[in-house]
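Right, one structure below, let's go through it.
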Amino acid sequence: MDRRRYLAAAGAAAAASLGGCLGLTRGENTEFDVGMRPSSFDPPTVTVAVGEEVVWENTGTRDHTVTAYEASLPDGAEFFATGGYESEDAARQAWSNGTQGALSNGDQFTHTFEIPGEYDYFCIPHESGGMVGRVIVEDRTPTASE
Ligand SMILES: [Cu+2]
């Protein structure tokens, strides 16, 4: 290959890898904030500002849930769970009645956090394997990068 061709190819490769990096930054072409491995959330902890939305995506092949630990919710905060259940009990019940509320590969779940504080959540089928996560909601204005 001649030198010009080589440089063009190298440039395209550099641009592609740079794009991959930017894809992981919140707000820069971000498709989701939290992915899912076979038995963990990735990353397990995310920090957002009040009023921001968190997007989960099942990036793995096993079914998972995103289910809030009701007892961990800050006062006045809304319960959240895949499947739209209104309580942790209802979500657990629905899962045991035929894996209702499951997020399959490529499915997304979003929740907007309106009350500051720490929110712990888990995946029902993999809770015993330690599949838990936390959303920290800070009482501040979102920065431009978010
Ligand atoms: Cu899971």
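Computed from the coordinates by the stated procedures, all read-outs in this text should not be read as laboratory data. What you see is a predicted model; the values in this text were computed from it and never measured. Cβ atoms come from the backbone with ideal geometry, glycine included; neighbour counts cover every protein chain shown.
Points to keep in mind about this one:
- Charge dipole magnitude, Cβ of K and R +1, D and E -1 - region 31-138, Cα centre, debye nearest 20: 480 debye
- Gyration tensor (alpha-carbon) shape descriptor, region 31-138, a/c threshold 1.5: oblate
- Dipole of region 31-138 computed with +1 at Lys/Arg Cβ and -1 at Asp/Glu Cβ about the Cα centre; of Thr99, Gly76, Pro116, farthest Cα towards the positive end is Thr99.
- Mean Cβ count within 10 Å, highest first, over the residues of peptides 59-72, 35-48: 59-72, 35-48
- Segment Thr61-Ser104, extension gain: residue separation times 0.36 nm, minus the distance between their alpha carbons: 14.8 nm
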